[in-house]
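Engineer: Quick one: structure below, then a few questions.
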Amino acid sequence: MPTMRSIVILISGRGSNMEAIVRAAQAEHWPVSIAAVISNRTDSAGLEFARRHGIATAIVANKDYPTREQFDTALRAAIDVFAPDLVVLAGFMRILTTPFVEHYAGRMLNIHPSLLPSFPGLATHRQALAAGVRLHGATVHFVTPDLDHGPIVAQVAVPVLDSDSEETLAGRVLDQEHLIYPRAVRWFVEGKLSLDGNRVRLDPSAEQV
Ligand code: GRF
């Protein structure tokens, strides 16, 4: 029997990456318990999907906390109730404090909609169109205190078309996010992915997924 791992997924809104992970975990019978989906907003559409799938949900609303530190302390407490092996940031739109990030060192992943290190931060599709790049994409990385700069686990490239608007480009990137993020999370729960200092260690068998 493979070791069962547990994960907590953090969202802020739509939650389509969370949904892709939940669906892949179920369809592919990953050795995982999706312990909870937590949002920093009360109106996240993704919470409803999680509830319908019998996953525990929690809301830690950042607007209820006067400082970033207080919010992160409350969020950490809400996550650690579930003692997860991995925390998955899936469209979680908050800058996290260094103590919070360090608490989850080597066990927190994020997906960013660009080919990092290009275009960290917000409005990545607009940034890519303005820069005139021919390739854009998405990156799964371990989270470090340096925003959108952690060790890279997986990347996918998407061509930029002359006809692209922010919306069409974002849509094609999102389709690819829904493929690479479940794959990366699966590697972690199967024990094939880890962080060794700043180096990502990926078991050779992981490539065959
Ligand atoms: C995704 O493009 C993700 O990469 C970015 O925000 C978007 C969230 O979408 N950080 P969803 O909530 O997963 O649907």
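Engineer: Out of the residues in region 35-44 that are crowded, with 17+ Cβ neighbours inside 10 Å and within 15 Å of the ligand (Cβ to nearest atom), state the one that is nearest to K192 (Cα to Cα).
Structural biologist: First, pick out the residues of region 35-44 that are crowded, with 17+ Cβ neighbours inside 10 Å: 35-41, 44.
After this cut, where a residue has to be within 15 Å of the ligand (Cβ to nearest atom) as well, the list is 37-41, 44.
On the way: V37: 23, I38: 25, S39: 28, N40: 30, R41: 33, S44: 31 Å.
Filtering first and then ranking leaves V37.
Engineer: Still on this model: With (1) within 12 Å of the ligand (Cβ to nearest atom); (2) among the aromatic types (F, W, Y); (3) within 18 Å of D72 (Cα to Cα) as the list, and F100 as the residue in question, which single condition is left unmet?
Structural biologist: Among (1) within 12 Å of the ligand (Cβ to nearest atom); (2) among the aromatic types (F, W, Y); (3) within 18 Å of D72 (Cα to Cα), the lone unmet condition for F100 is (1).
Engineer: Here are some residues: P113, P66, P117. Which one is surrounded by fewer than 21 Cβ atoms within 10 Å (Cβ to Cβ) and within 30 Å of V133 (Cβ to Cβ)?
Structural biologist: Working: P113 fails: surrounded by fewer than 21 Cβ atoms within 10 Å (Cβ to Cβ); P66 fails: within 30 Å of V133 (Cβ to Cβ).
When all the criteria are applied, what remains is P117.
Engineer: Taking the criterion of being within 28 Å of R172 (Cβ to Cβ) and within 13 Å of the ligand (Cβ to nearest atom), would at least one residue in region 68-89 satisfy it?
Structural biologist: Yes, region 68-89 has at least one match.
Engineer: So T42 passes all but one of these: (1) without any contact (Cβ under 8 Å) to a residue 60 or more places away in the chain; (2) closer than 17 Å to A154 by Cβ; (3) in a loop (DSSP other than H, G, I, E, B). Which condition number does it fail?
Structural biologist: Only one criterion is unmet by T42, namely (2).
Engineer: For E48, are the conditions met, namely being acidic (D, E) and closer than 22 Å to I180 by Cβ? It would help to see each step written out before you state the result.
Structural biologist: On the way: acidic (D, E): yes; closer than 22 Å to I180 by Cβ: no.
Criteria not met by E48.
Engineer: Scanning for something hydrophobic (A, V, I, L, M, F, W, C) and touching a Gly at 6+ places or on another chain (Cβ under 7 Å), does region 68-81 turn up at least one residue? Break it down stepwise before answering.
Structural biologist: To start, the set of residues in region 68-81 that are hydrophobic (A, V, I, L, M, F, W, C) comprises 71, 74-75, 77-79, 81.
Still in the running and touching a Gly at 6+ places or on another chain (Cβ under 7 Å): none.
For region 68-81, residues hydrophobic (A, V, I, L, M, F, W, C) and touching a Gly at 6+ places or on another chain (Cβ under 7 Å): absent.
Engineer: Restricted to region 4-20, and to residues that are in a loop (DSSP other than H, G, I, E, B) and surrounded by fewer than 20 Cβ atoms within 10 Å (Cβ to Cβ), which residue is farthest from the ligand (Cβ to nearest atom)?
Structural biologist: The first filter runs over region 4-20 and keeps only residues in a loop (DSSP other than H, G, I, E, B), leaving 4, 12-15.
This time we only want the ones that are surrounded by fewer than 20 Cβ atoms within 10 Å (Cβ to Cβ), so: 4, 12-14.
On the way: M4: 25, S12: 7, G13: 5, R14: 4 Å.
Top of the filtered list is M4.
Engineer: For residues that are open to solvent by less than 10 Å² (accessible area, probe 1.4 Å) and within 20 Å of V173 (Cβ to Cβ), tally how many sit in region 21-34.
Structural biologist: Total meeting the criteria: 1.
The values are calculated or read from the model by the stated rules, or taken from the named source; none is laboratory data. Being a predicted model, the structure only gives us computed values, none of them experimental. A quick note on method: Cβ atoms are made from the backbone with ideal geometry, for glycine too, and the neighbour counts reach across all protein chains shown. To get the accessible areas, we keep the full protein, side chains included, count just its heavy atoms, and leave off ligands, DNA and RNA. Shrake-Rupley method; radii C 1.70, N 1.55, O 1.52, S 1.80 Å.
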